[in-house]
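The structure under discussion appears below in the form of structure tokens.
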Amino acid sequence: GAVARGFPEVGSAVFAYAPALETLFKAELDNPVKDAARLDATLDTLALPDARARLLAAEEFLLRPRLFASVSPAQLARYQAALAEPTLPALNRDFLLQASENLAPEQQGAWQAELARAQIKQHGAQFDLASRLPSLVRTSARLLEAHGGVDDLPLLEGLMRSNAPGVAKAALSAMDKLDRARTQAVAAGLVGDQSLHSETRLALGAYLKKTA
């Protein structure tokens, strides 16, 4: 049942009891020897039926980058599977994508770009600004900057017209890394477009001056 049995640290918070959660709540935060067990427990928590527990696990990955100090191929596969889950809430997905940037360089790459493309294609460029989607798509653009290629330029260019300036600026940065000449041409064509958010137009103007 929904009890906090064995979890005095959580106060009034209520979780359905699970061994993985017990490990999280009782683990020593700065004990490298136990980091592997904490990583496994956090991965186990991502798979629990309790939505609050799954969000807790996503937050744990984001706030404790040392969890990724040593990740086995099997653990990485579990993390990737959690991120690929279609019903994963946008908040959890954003946290997990951000946290993936703390993986060792050799464990990052094409799989992150693939997930990022999927998010941009699914959610587009126009958002409810009170939702988590602008942050998720901004994170996705940043991942394409790190791991994408020139084939992603049309996708990123579409984000330049976003009603969320942060998304447009992330797309601009990603495009610039992938192809500066094309980005300069796109920016020049958009900087005077009054339909764009004023903050986006300012960023485009600043970019064109910086890269002239």
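Say each of ALA51 and ALA206 gets a label point 7 Å from the Cα, pointing the same way as Cα to Cβ; how far apart are those two points in nm?
Each label point lies 7 Å from its Cα, and together they span 3.7 nm.
If I model a spin label at TRP111 and GLN194 as a point 7 Å from the Cα along the Cα→Cβ vector, what separation in nanometres do I get?
5.0
Could you put ARG78, ARG93 in order of accessible surface area, largest first, with the 1.4 Å probe and the full protein assembly present? Don't skip to the answer; put the middle values down first.
Numbers: ARG78 90, ARG93 20 Å².
Listed by decreasing accessible area, they come as ARG78, ARG93.
For region 156-212, taking Cα atoms only, what is the radius of gyration to one decimal and the Dmax to the nearest whole Å?
Rg then Dmax for region 156-212, in Å: 9.7, 26.
Using 0.36 nm per residue of separation minus the Cα-Cα distance, give me the extension gain between LEU129 and ALA81 in nm, one decimal.
Gain in length upon complete extension: 14.5 nm.
Which semi-axis lengths, in whole Å and largest first, follow from the square roots of five times the eigenvalues of the Cα gyration tensor of region 42-84? Present the calculation step by step, with values, prior to reporting the outcome.
Details: eigenvalues 57, 34, 10 Å².
Sorted largest first and rounded, they come to 17, 13, 7 Å.
Let me spell out the model: positive unit charges on the Cβ of Lys and Arg, negative unit charges on the Cβ of Asp and Glu, origin at the Cα centre of region 105-212. What dipole size does that give, in debye rounded to 20?
Details: 13 positive and 11 negative charges, 58 e Å.
About 280 debye.
On full extension of the chain, what length is gained from GLU59 through LEU88, given 0.36 nm per residue of separation minus the C-alpha to C-alpha distance? Intermediate values should be presented prior to the final figure.
Values: separation 29, 0.36 × 29 = 10.44 nm, distance 1.38 nm.
Length difference between fully extended and current span is 9.1 nm.
Just the number, please: carbon plus sulfur as a percent of the accessible area of region 112-204, 1.4 Å probe, no ligands or DNA/RNA counted.
Numbers: 2090 of 4150 Å².
It is 50 percent, rounded to a whole number.
Compute the FRET efficiency between LYS177 and GLN122 as 1/(1 + (r/R0)^6), taking r as their Cβ-Cβ distance and R0 = 25 Å, and round to the nearest 0.05. Display every interim value, and only then the final one.
On the way: r = 23 Å, r/R0 = 0.93.
E between LYS177 and GLN122, to the nearest 0.05, is 0.60.
As an exercise, use a Förster radius of 30 Å and the Cβ-Cβ distance of VAL150 and SER72 to find the FRET efficiency, rounded to the nearest 0.05. Intermediate values should be presented prior to the final figure.
Details: r = 33 Å, r/R0 = 1.11.
Approximately 0.35, to the nearest 0.05.
Give me log10 I(q)/I(0) at q = 0.15 Å⁻¹ for region 23-153, Debye formula, one equal scatterer per alpha-carbon, no solvent.
-0.70
The values are calculated or read from the model by the stated rules, or taken from the named source; none is laboratory data. The structure presented is a predicted model; accordingly, all values stated were derived computationally and were not measured. Backbone-built Cβ (ideal geometry, glycine too); neighbour counts: all protein chains shown. Side chains included, ligands, DNA and RNA excluded: accessible areas come from the protein's heavy atoms. Shrake-Rupley method; radii C 1.70, N 1.55, O 1.52, S 1.80 Å.
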